[in-house]
Amino acid sequence: MTIRPAQYADLAAVRALLAAEGLPDGDIGVHLATLWVGVHAGRVVAAGALEPLGAACLLRSVVIAPAHRDRGWGRRMTRHLLRFAARLGMSRVYLLTTTAADFFAGLGFVTEMRERAPPTVQASRQFTTLCPAGATFMKLRDSEAPVVY
Ligand SMILES: CC(C)(COP(=O)(O)OP(=O)(O)OC[C@H]1O[C@@H](n2cnc3c(N)ncnc32)[C@H](O)[C@@H]1OP(=O)(O)O)[C@@H](O)C(=O)NCCC(=O)NCCS
């Protein structure tokens, strides 16, 4: 899998990947500049995005096509996004997930109380409307934030 910045023409494929998992896809076009795709054999088989929210950001829309799971690609995509966040100077990375909390725990995220989210994150659409109230809210441990020189 090759990870590259998403282009406008990738959006339909990314929406299909997200919709198949019940992940919010309606607003993904707004985040094209911080959206990445994984391409394999000429097809978009993975995606992942950052949603900058002031000094913090949400890691979101991480998805690997079912046929390509359990090859380490989800981990690769997530680590890529964390390096990207560091390049943007964003060390406070959060996420919401209903199904993959253990996966992200293995990548340095810890469960955090929703009330402790920065105001910009609490005001985001992911937080207020797109993700169910029961979703697990997680924060990247400070010690896990990649350092980019
Ligand atoms: C979560 C997801 C991205 C993982 O992708 P993947 O390519 O299968 O992950 P990897 O192969 O890198 O797996 C790394 C490890 O995480 C584990 N893992 C994978 N998916 C997991 C999940 N949903 N929950 C807990 N652990 C998981 C794997 O078993 C593997 O563990 P191991 O190293 O001990 O064998 C993928 O299952 C997916 O697209 N899920 C649907 C969308 C989703 O829930 N996205 C997250 C919300 S934004």
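Annotations for the structure displayed:
- Restricting attention to the range 1-57, the residues being open to solvent by 60 Å² or more (accessible area, probe 1.4 Å), of a type in the set (Val, Ile, Thr) and either within 15 Å of the ligand (Cβ to nearest atom) or under 21 Å from Arg75 (Cβ atoms) (or both) number 1.
- The strands (runs of 3 or more DSSP E) found entirely in the range 34-149 that carry 1 or more residues being farther than 27 Å from Ala20 by Cβ are 56-64, 92-97, 109-111, 136-140.
- Unique match (being β-branched (Val, Ile, Thr) and at pLDDT below 95) among Thr99, Thr34: Thr99
- Residue list for the range 63-92, filter: among the aliphatic types (A, V, I, L, M), within 12 Å of the ligand (Cβ to nearest atom) and open to solvent by less than 30 Å² (accessible area, probe 1.4 Å): Val63, Ile64, Ala65, Met77, Leu81
- The residue that is modelled with the lowest pLDDT, among those in the range 121-149 that are touching a Pro at 6+ places or on another chain (Cβ under 9 Å) and buried (at least 17 other Cβ atoms within 10 Å of the Cβ), is Cys131.
- Just one of the listed residues (Pro146, Pro132) is within 13 Å of Leu59 (Cβ to Cβ) and out of contact with any strand residue (DSSP E or B) (no Cβ under 6 Å at 6 or more places or on another chain), namely Pro146.
- From the options Arg60, Arg76, Arg43, Arg83, residue that is under 11 Å from the mean Cα position of the chain (by Cα) and basic (Lys, Arg): Arg60
- Cβ-Cβ under 7 Å pairs, at least 6 apart or on other chains, the range 54-80 side modelled with pLDDT of 95 or more, far side assigned to a helix (DSSP H, G or I) and within 6 Å of the ligand (Cβ to nearest atom): Val62/Gly74; Ile64/Trp73; Ile64/Gly74; Gly74/Phe103
- Close pairs (9 angstrom Cβ cut-off, 6 or more residues apart or separate chains): polar (S, T, N, Q) in the range 6-24, modelled with pLDDT of 95 or more anywhere: Gln7/Leu32; Gln7/Val37
- Boolean, Phe109 is more than 9 Å from the ligand (Cβ to nearest atom) and touching a residue at least 24 places away in the same chain (Cβ under 8 Å): yes
The values are calculated or read from the model by the stated rules, or taken from the named source; none is laboratory data. Remember, predicted model here, so these are calculated numbers, not experimental data. We place every Cβ from the backbone using ideal geometry, glycine too, and count neighbours over all the protein chains shown. All accessible areas refer to the heavy atoms of the entire protein, side chains included, with ligands and DNA or RNA removed. Shrake-Rupley method; radii C 1.70, N 1.55, O 1.52, S 1.80 Å.
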